[in-house]
Amino acid sequence: MRNRLTYLAVIVVMLPVLAGAPVWAQRENSTELYQKGARLALDGQLDKAILVFNRVVDISPYYCLGHYGLGKAYLYKYGMVDEAIKHLKTSVKLDRKLVKGYFYLGIAYFMAKKYPPAAYAFKMAYNYDNSYSESLYNLGVVYEIMGKSYESMIYFNKYLGEKDKEDEEIIF
């Protein structure tokens, strides 16, 4: 009886291998799925990308890039700004230094006409990575819309200063 149970256990464990793929290949990898979703999004296949990113979030709910990809895909999908905000907020909660998450969260808030949180998100993106000089420009726009001309002028000037630095750099 014991040999029969051992034999059945081996068959159950080996079934995926016998079906043509090793056991480790039967499991989904959230990083590989994220990359697949990113490729689909870049190809303009947002509906398929959203399905893939949803799967990433399902199998790895604490993977910040899954939420980032899903949020960004929703952002580019007309009328899905609230879903974008939800997932982009989750992405930066999971990784407090996810610069691109903050940047696109700022864009999502901006599109939702939620200007104070947009300003905060753009500031966080720039504070964590000052190569995101577009955040400065976006801050200038946000403050201009909010009627804060002085702050707007400060951020537009900072943006222009950063752009001048980039133009002066010599690259070999």
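The values are calculated or read from the model by the stated rules, or taken from the named source; none is laboratory data. A quick note: this is a predicted structure, and the numbers were derived from the prediction, not measured. Ideal geometry is used to build each Cβ from the backbone, glycine not excepted, and the neighbour counts take in all protein chains shown. Surface areas here come from the heavy atoms of the whole protein model, side chains and all, with no ligands, DNA or RNA. Shrake-Rupley method; radii C 1.70, N 1.55, O 1.52, S 1.80 Å.
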Scanning region 87-135 for residues that are within 18 Å of Tyr159 (Cβ to Cβ) and among the acidic types (Asp, Glu) gives Asp129, Glu134
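Can you say whether Lys163 is among the charged types (D, E, K, R), surrounded by fewer than 17 Cβ atoms within 10 Å (Cβ to Cβ) and assigned to a helix (DSSP H, G or I), as far as the supplied structure shows? Working first, answer last.
Working: among the charged types (D, E, K, R): yes; surrounded by fewer than 17 Cβ atoms within 10 Å (Cβ to Cβ): yes; assigned to a helix (DSSP H, G or I): yes.
When the stated conditions are applied, Lys163 passes them.
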Of those in region 25-52 that are open to solvent by less than 60 Å² (accessible area, probe 1.4 Å), in a helix (DSSP H, G or I) and free of Cβ contacts under 8 Å to residues at least 24 places away in the same chain, the residue farthest from Tyr109 (Cα to Cα) is Ala25
Residue pairs qualifying under the 8 Å Cβ cut-off, at least six apart or on distinct chains, with the first in region 72-99 being more than 19 Å from Val52 (Cα to Cα) and the second being at pLDDT 95 or above and open to solvent by 60 Å² or more (accessible area, probe 1.4 Å), are Leu94/Tyr62; Lys97/Tyr128; Val99/Tyr128
Original post:
Looking at Lys158, is it assigned to a helix (DSSP H, G or I) and open to solvent by less than 80 Å² (accessible area, probe 1.4 Å)?
Top reply: no
The residue that is surrounded by the most Cβ atoms within 10 Å (Cβ to Cβ), considering only those in region 84-132 that are under 20 Å from Gly161 (Cβ atoms), small (Gly, Ala, Ser) and more than 16 Å from the chain's Cα centre (by Cα), is Ala119
_Among the residues of region 152-167, are any in contact with a Phe, Trp or Tyr (Cβ under 8 Å, 6 or more places away or on another chain) and among the acidic types (Asp, Glu)?_
no
TODO: Please indicate, with yes or no, whether at least one residue in region 74-81 is among the small types (Gly, Ala, Ser) and over 16 Å from Met111 (Cβ atoms).
DONE: no
| request: Check whether at least one residue in region 106-116 is touching a Pro at 6+ places or on another chain (Cβ under 6 Å) and closer than 28 Å to Tyr63 by Cα, and report yes or no. | output: yes
Within region 73-83, residues being closer than 13 Å to Leu46 by Cα and assigned to a helix (DSSP H, G or I) number 4
Yes/no for Val141 being surrounded by 14 or more Cβ atoms within 10 Å (Cβ to Cβ), without any contact (Cβ under 8 Å) to a residue 60 or more places away in the chain, of a type in the set (Val, Ile, Thr) and under 26 Å from Tyr34 (Cβ atoms): no
